[in-house]
Amino acid sequence: MPRVTPRLRRLRQLRAILRLNVGLTVYQAIQDAIAEPDIDLSDSSNSSDTDDTDDTDNSSSSDDSSDNEEASQAVLPPEFVEAVYNALNHTKESRYILPRVILPKSSDWYDNIAQNENPKRYKAHFRVSKLSYEALLRLIEHHPVFYNNSTCEQTPVSKQLHVALYYFGCDGSAGSWIQVGSRFGIGEGTVQLFVNRVLTAILYYEDNLVKWPQPGSEHYQQMIDMHLHLHGFPNCLGFVNSSHFNIFHRPFGQGGNTFWNHHDQYSLNGMFIVDAETRILFTALGCILPHNKY
């Protein structure tokens, strides 16, 4: 979920005021329409009737005038509405509304340590081997999401991918935007931007990489032969396993209790089928069931 910045909060407040003004204007128009008579039933020839109803007419007219005054007072003053419009336009044109505070940052860990770690520590940080990282980088580095028409070039894709992989491997408070940003010497908003870009690029290739082999094809037979050669299982296409992905709190709705697992946590259950070299062939995450079904 995007972070609610002071600028976004102000935009929401100003738009709420303008919506309120529209509602009050409509309310006044309705009150004016009710106050205006459609047919004039008065007759100048019946002077006696006119005299008898003077008090009633005066009372009704006074009531109508009081209603009109209340309706007119309900509408915001034009000067105030104009000021709100000006403030809204100014806020839209300004990227920041508060003074910028320059925070100390350092990318020393990433530049001088992280990329020179031994294979075991590298995989502990980024959850993939260096060979897998390089293969993934070659796959996504030319995706359009990493290029724009701005005169300010993006951060190299290699670093954006490292930031995203590090974030994917974090858990709990260690996975906050601020914590990850401090690790790489970037802002928390930049961390979120990098992660979203990498996810966009990876998901673009999902259908080409995560797919079930076509029965009877050469690739299908190669996978069966690989299982027999590496693991001794004849006529085996893959291995299946599942894992729980913890979620922060109980999901809303009547079926929220179905997400409670035997580890005493709320989670999504994911199932994966991989081939002999642990390449993913099929995934399924979560299951939609009635709230009284388990």
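The values are calculated or read from the model by the stated rules, or taken from the named source; none is laboratory data. Only a predicted model underlies this, so the values are computations on that prediction, with no experimental measurement involved. Cβ placement follows ideal geometry from the backbone for every residue including glycine, while neighbour counts extend to all protein chains displayed.
Summary table
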{"read-out": "Residues satisfying the stated conditions in segment 128-152, i.e. part of a loop (DSSP other than H, G, I, E, B) and surrounded by 11 or more Cβ atoms within 10 Å (Cβ to Cβ)", "value": "V128, S129, E141, H143, Y147"}
{"read-out": "Odd one out for S107, checked against (1) more than 21 Å from N196 (Cβ to Cβ); (2) small (G, A, S); (3) touching a residue at least 40 places away in the same chain (Cβ under 8 Å)", "value": "(1)"}
{"read-out": "Contacts under 9 angstrom Cβ, first residue in segment 134-147 being among the charged types (D, E, K, R), partner in a helix (DSSP H, G or I), 6 or more apart", "value": "E141/V157; E141/S158; E141/L161; E141/A201"}
{"read-out": "Residues within segment 248-279 that are over 20 Å from Q214 (Cα atoms) and part of a loop (DSSP other than H, G, I, E, B), tallied", "value": "11"}
{"read-out": "Condition met for I97 (outside any helix (DSSP H, G or I) and under 25 Å from R15 (Cβ atoms))", "value": "yes"}
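Each row is one residue, and each column tells you yes or no for (1) modelled with pLDDT of 90 or more; (2) over 24 Å from G175 (Cα atoms).
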site: Y220; (1), (2): yes, yes
site: I224; (1), (2): yes, yes
site: G232; (1), (2): yes, yes
site: G253; (1), (2): no, yes
site: N257; (1), (2): no, yes
site: N261; (1), (2): no, no
site: E277; (1), (2): no, yes
site: C287; (1), (2): no, yes
site: N292; (1), (2): no, yes
